[in-house]
Amino acid sequence: MCSARHAPLKCLCLATHCCGSECQRNHKEAHRKHCTYFQREDIRTKRRELQVLQTQPNCSAQDVAAKEEELAVLLYLVANLLRRTLLASNYELAEENYQ
């Protein structure tokens, strides 16, 4: 991402700014790994998958435990991303550009 100060495009995580849609497309996959917005979406998906799995009559405890572990890993990643975002030097800039 170009991280232009007055970029017209901003990610919903407020940590990244793009000068245009081409810039955004070029960096989306790399940003997705460090984006709290996308990680939270992944958590919602894993929670839904876990709920569906738990309602299935032939579901094993191992399957549920594996899905719970995947969810726990995502929650841990988001906690670390949020902690770094709050400590990052660009957080004030991201907050300013959000408005």
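No value in this document is a laboratory result; all are computed from the given coordinates. Please read all numbers here as calculations on a predicted model, not as lab measurements. Quick reminder, even Gly has a Cβ in these numbers, built from the backbone with ideal geometry, and neighbours come from all protein chains shown.
Count charges around THR16 for me, please; just the other residues with Cβ under 11 Å from its Cβ, Lys/Arg as +1, Asp/Glu as -1.
Numbers: positive: LYS10, LYS28, ARG32; negative: none.
My count for the surroundings of THR16 gives +3.
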For the stretch 47-62, Karplus couplings with θ = phi - 60° (6.51, -1.76, 1.60), whole Hz, Gly/Pro x: 5, 5, 4, 5, 4, 5, 4, 5, 8, 6, x, 9, 6, 8, 5, 5
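How would THR16, THR55, THR36, THR45 line up from fewest to most surrounding beta-carbon atoms within 10 angstrom?
Values: THR16 24, THR55 8, THR36 20, THR45 12.
Ascending Cβ contact count within 10 Å gives the list THR55, THR45, THR36, THR16.
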